[in-house]
Amino acid sequence: MKKITFLSILMFSFLGFSQQQQYNLGFEPSTPSGNINNWTSFENPNPGLSIVDNPTPNGVNTSATTKVLKVDLVQGSACYAGLINSHGTLGTWRFDTSIPNNVTVSLQVNKSFAGKVGIKFITPTNATVIEVTTNEGLVNTVNQWVTLSWNISTLNTAEQAAPNSNDQFVVFVDFTCGGPDRTTGGTILIDNVTWNANKITDPATCSDGIQNGSETGVDCGGTCAPCAGQEPLVAAPTPPARNAADVVSIYSNAYANVTLSELPTSWSQLASFTPVQIQSNDTWKMTGCEFLGMVTNYGSGVDLSTMEKMHIDYWTPSSNDIGVKIVNTIGGGEAFASLGTTVTGSWQSIDVDMTAFAALSNKTAITQLLIDPSAPSILFIDNFYFYKGTALNTSNFELSSVKMYPNPTKNTFTIESKNTIQSVSVINMLAQKVLFVNPNAVSASLDLSTFQNGIYIVKTTVDGNVTSSKIIKE
């Protein structure tokens with residue numbers, strides 16, 4: 001959204017000497033709403049989030065250069081799937097229902113499929129102030145920008161008598177709870193979210209000298225720079241090259257990973273799970289983690305019976321013990337192995353002999369894996385895999401190396417290798433796979449002409465070994 005305003009962060013309109021303010025979330029750069037790190041999606045599988053130029057200028061939003069929030073929703077996401085800003089990133093505010101313009105919330109939306117949009121406001125202590133999922137949010141016109149408006153005058157009596165502060169705004173992008181199941185997925189574009197309220201505090205910043213917003217320390221952590229000793233500043237060590245048949249990789253940029261049907265599972269117990277990039281390396285970040293559960297598949301599972309060791313890299317500021325559990329729900333049984341004494345503040349590369357999982361005799365069909373600290377912990381995880389045999393020497397690995405050009409590119413780029421390229425994945429900076437091909441040839445050309453400008457990660461699999469490179473789209 002682009003408008004001429006006195007302040008472009010959030011459009012502030014002061015009425016007389018009161019603290020009344022109009023909030024307008026336009027997702028433009030250098031504004032709190034325009035920082036994608038201030039937004040989180042929910043619920044498993046989480047919708048993809050990105051801020052893009054308006055791809056379909058029409059209806060009530062005709063500018064092709066305005067920024068909009070793009071949500072990619074899959075059919076299987078929860079009936080209440082949506083997005084929410086981090087605490088404090090939009091400031092705090094309080095509705096006053098005695099003022100007429102405080103009882104209306106509006107936004108512009110463009111959906112690729114019909115359905116209902118809902119909204120919700122939340123306090124800094126995670127209590128609901130108001131939730132509206134009525135037919136006011138029904139969208140029947142697809143692929144066109146329309147304006148939705150909700151009346152929030154139904155704030156409960158207690159809320160009107162002693163109003164709470166709000167610091168989070170929620171959008172349910174396709175609310176189907178209590179109705180028929182969702183029959184399709186698609187794209188939802190959002191812009192120009194507007195409401196009026198009494199301002200209490202300004203949006204949190206990384207230089208205001210207090211811990212607020214998503215920060216984990218004073219002016220650090222969350223969407224700010226990492227706090228010293230709280231987050232890794234460097235990527236985990238790069239694993240050695242191995243024959244594809246010698247590795248069952250759960251999560252690593254170095255190998256071809258198995259498909260996980262659930263990550264995290266609905267029964268995981270943790271405050272947050274976020275794929276992040278550290279020095280362009282994919283990493284799992286967890287907070288308040290009691291355990292992270294993941295499912296390979298419940299049909300046949302994955303076979304770990306011939307693997308000799310388990311490897312995992314972890315980084316944590318917490319001193320709690322950490323372990324890994326493997327489960328066979330098909331044949332029955334489970335086993336737990338400790339990662340030993342926890343070391344804080346640096347990457348730890350742990351190899352565990354598979355005899356540590358002796359309590360599970362049948363390892364041919366592993367359906368569930370759990371990363372299980374002894375108490376809620378902050379954890380960063382990378383290079384989680386099982387293996388046998390020895391690593392390949394450098395000369396063998398170099399046979400699988402790839403060349404990629406031109407870089408930067410405006411349209412297409414080429415990948416070449418001495419050996420057959422099995423697959424190529426292109427991943428954006430939100431850790432979303434945006435392109436996947438199986439060349440089965442020694443070279444491949446990929447077209448990025450329709451992609452947004454920016455940095456992408458290219459993962460190439462040759463002889464079972466995965467290499468990761470950055471490419472810049474101009």
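The values are calculated or read from the model by the stated rules, or taken from the named source; none is laboratory data. Everything quoted here is computed from the prediction, not taken from an experiment. Virtual Cβ from ideal backbone geometry, glycine too; neighbours counted across all protein chains shown. Protein only, heavy atoms only, side chains kept; ligands, DNA and RNA dropped before computing areas. Shrake-Rupley method; radii C 1.70, N 1.55, O 1.52, S 1.80 Å.
So here's what we get for this one:
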read-out	value
Dipole-positive endmost among T461, N54, H87 within the chain (Cβ charges, Cα centre)	N54
DSSP-defined antiparallel bridges as percent of all bridges, the range 212-307, nearest 5	90
Listed residues N438, F336, S374: farthest to the positive end of the dipole of the range 287-442 (Cβ charges)	N438
Packing-based order for 141-152, 110-121, using average beta carbon neighbours within 10 Å, highest first	110-121, 141-152
Net dipole in debye of the range 53-149 [+1 Lys, Arg Cβ; -1 Asp, Glu Cβ; about Cα centre; nearest 20]	60
Leading residue at positive end of dipole, the chain (Cβ point charges), from S266, V352, N37	N37
Intensity falloff of the range 251-380 expressed as log10 I(q)/I(0), Debye formula with alpha-carbon point scatterers, at q = 0.11, 0.15, 0.16, 0.17 Å⁻¹	-0.37, -0.72, -0.83, -0.94
Ordering of 41-47, 61-67 by packing [mean C-beta count within 10 Å, highest first]	41-47, 61-67
Percent RCO, i.e. relative contact order, over the chain, from Cα pairs under 8 Å lying at least 6 residues apart	13
Too-long pairs where the Cα-Cα distance tops 21 Å, listed order kept, from K70/K403; K70/K410; K70/K116; K67/K111; K111/K473	K70/K403; K70/K410; K111/K473
FRET efficiency for A114 and D353, using Cβ-Cβ distance with R0 set to 51 Å, rounded to 0.05	0.40
Residue-normalised accessible area of the chain, given per residue in Å² at a 1.4 Å probe	44
Long-range HN-HN contacts of A204 with modeled amide H, under 5 Å	T89, L90, G91
Computed label-point distance, nm, for sites E308 and N126 using a 7 Å Cα→Cβ extension	4.5
Student exercise, the chain dipole from Lys, Arg, Asp, Glu Cβ charges, in Debye to nearest 20	900
The chain - Kirkwood radius from inverse mean 1/r over Cα pairs (Å)	24.5
Pairwise FRET efficiency - S98 versus K418, Cβ, R0 = 51 Å, nearest 0.05	0.10
Two-site FRET efficiency, S261 against V146, from Cβ-Cβ distance with R₀ of 30 Å, rounded to 0.05	0.25
D219 accessible area, 1.4 Å probe, all protein chains in place, Å² to nearest 10	40
Of all accessible heavy-atom area on the chain, the percent that carbon and sulfur account for (1.4 Å)	52
Of all DSSP beta bridges in the chain, antiparallel share, percent nearest 5	100
Backbone HN-Hα couplings from phi across the range 369-383 [Karplus 6.51/-1.76/1.60, Hz, Gly and Pro as x]	9, 10, 9, 10, x, 7, 7, x, 9, 8, 9, 10, 10, 8, 6
Accessible surface, 1.4 Å probe, highest first, among residues Y314, Y405	Y405, Y314
Whole-number percent relative contact order across the range 49-169, with pairs defined as alpha carbons under 8 Å at least 6 apart	31
Residues of type lysines that K363 reaches as a straight line, Cα spacing below 18 Å, ignoring anything fewer than 8 places off in the same chain	K309, K325, K388
Rounded to the nearest 10 Å², the accessible area of K388 at probe 1.4 Å	60
Approximate spin-label separation T184-S280, in nm, with each point projected 7 Å along Cα-to-Cβ	3.8
